[in-house]
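Trainee: Got a structure for you, written out below as structure tokens; questions coming shortly.
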Amino acid sequence: MLNLGILASASAGSGTEWTQAQTFANSAQPRTTVNLVPLTTGYAFINANNSSRWTSWDSTSTANSQLNATSYIGARQAVRGSSNVICFVFGSGTGTAVYRSTNGLSTISSVRVTDNSSTFLATDGAGNWLAAYSNDAYTSADNGATWTARANVFGTITVGGASYNSNAGLYIVTGAGTSYYTSADGITWTLRTLPQTPEGSIYTIAGFTYFKRLNGGQLYRSSDLINWTNLTAIPWTSGDAWEIQLAGNSSKIVAAVIDFNSAGNPDLLYTYQSTDNGSTWQDLDFFGGTTNLISYDGLANVYLVGNNNEVALLYQTTSHQFVRLVSA
Amino acid sequence: MRFEIDSLLVVRVFNDGETIPILEQPTLPDGTPFADYASAEQWAQDYIAQTLAYVDPVEELPITEEE
């Protein structure tokens, strides 16, 4: 176990300042395959080492600790719902299932076998959940405790992403092409057409849903999941934005833009912030490493996990600037 | 699977034996209204045929948790 403290050293850059406060040793690094999951006073993540236990990072004490004795290597799609419920997807093939915890991942149980590793979770934050995979789904109306099968609801697409937009009051499920589905209850769906083929994850932040185009060259936004706006004021171009991750709240969203080298590995990370839901962007500090994860804790802070010289770094936004969290 | 079309040309598709539709389609996916009953009917038939022809992607071998 590491005893981590705040160093608070500033990094140079042209944009908003980053301050380093915490790292994780290799054995405690967050993995790239799972979202950071907000806990009451910090985050949970899967370690990078072979044991891959759920680990918590407490934002008040800056300590991290193993939460559960079971290894969940490759856990993904972790989502926090209401009443401290966290669900995530773990396993592959016929061993894939939705796992659920009601106590911050200290105890975890398998609640729904989906038989498909490409299962995507979404919740409305009011106790209703969607687990979408292949062209089928499960829905839950009791905060993930029990699930009901919904066969064939996605017709001809293979699910590639799912989210819930509170402004529209709709779930959205995307596939590999321009076709996508929306639903108010996860049971009855409507087929719609995106203006462009999305690439990678879709993000819903504060009632706005975003998807990006090939190589990050374009970013689209919708608040009703019907009409989409091409955000033309993005500061990155298709040549330097191969992967974009978004996180934030109604006041600010942060884009982590990752460039890949010729070998296909993450090379450089650039970060930007927007205070008008993506209409305009401001340059944040250049970050010398690469990013694995970016997430919002649902309280006040956006967190970013980067990787610099194989040491995972955790960064935090405050109301006015980023604070980089680094261990002693 | 079966479908119904109401007087407003809203297509509803049902799984066999179910009364709640899995699809409620008021327009074509791009938002264009169905031109008439025949076009809505043709769209519904094509949609069901394509859905029934859907094949799950090949899955890898399972892995499970370890104590």
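Values quoted throughout were computed directly from the atomic coordinates according to the rules given, and no laboratory measurement underlies them. Note that the structure is predicted; figures quoted are calculated from it, not measured. Note that each Cβ is placed from the backbone with ideal geometry, even for glycine, and that neighbours are counted across all protein chains shown.
Trainee: Tally Lys/Arg at +1 and Asp/Glu at -1 over every other residue whose Cβ is under 14 Å from the Cβ of A:Asn167; what's the total? The partial results should precede the final answer.
Mentor: On the way: positive: A:Arg221; negative: A:Asp124, A:Asp224.
Residues close to A:Asn167 contribute a combined charge of -1.
Trainee: Averaged over its residues, how many other protein chain Cβ atoms are within 10 Å of peptide A:184-194's Cβ atoms?
Mentor: Numbers: counts 1, 1, 0, 5, 8, 6, 8, 11, 6, 5, 2.
Average per residue, whole number: 5.
Trainee: Please label the shape of the stretch A:65-131 as rounded, prolate or oblate, based on the square roots a ≥ b ≥ c of the eigenvalues of the alpha-carbon gyration tensor (a/c under 1.5 means rounded; beyond that, a/b larger than b/c means prolate, else oblate). Can you show the working numbers first?
Mentor: Working: a/c = 2.06, a/b = 1.07, b/c = 1.93.
Oblate, since a/c reaches 1.5 and b/c is not below a/b.
Trainee: Let me ask something additional. Can you list residues whose amide H is under 5 Å from A:Thr204's amide H, if they're 5+ apart or on another chain and H is modeled 1.01 Å from N?
Mentor: Amide H neighbours of A:Thr204, under 5 Å, 5+ apart: A:Tyr210.
Trainee: Further, regarding this structure: Return one number: the angle in degrees, 0 to 90 and rounded to the nearest 10, between the long axis of the Cα atoms of helix B:37-52 and the longest principal axis of the Cα atoms of chain B.
Mentor: 10
Trainee: Let me ask something else. Using only alpha carbons, build the gyration tensor for the stretch A:121-211 and give me the equivalent ellipsoid semi-axes, biggest first, whole Å.
Mentor: Details: eigenvalues 76, 49, 20 Å².
Each semi-axis is the square root of five times an eigenvalue, giving 20, 16, 10 Å.
Trainee: Expressed in nm², what is the orientationally averaged projection area of the convex hull enclosing the Cα positions of chain B?
Mentor: Values: hull surface 30.0 nm².
In nm², the orientation-averaged hull projection of chain B is 7.5.
Trainee: Okay, helix-only estimate at 222 nm for chain B: each DSSP H run of n ≥ 4 adds -39500 (n - 2.57), divide by all residues, round to 500 deg cm²/dmol; what do you get? Please report the intermediate quantities before stating the final value.
Mentor: Details: 1 runs with 16 residues, N = 67.
Result for chain B, helices only: -8000 deg cm²/dmol.
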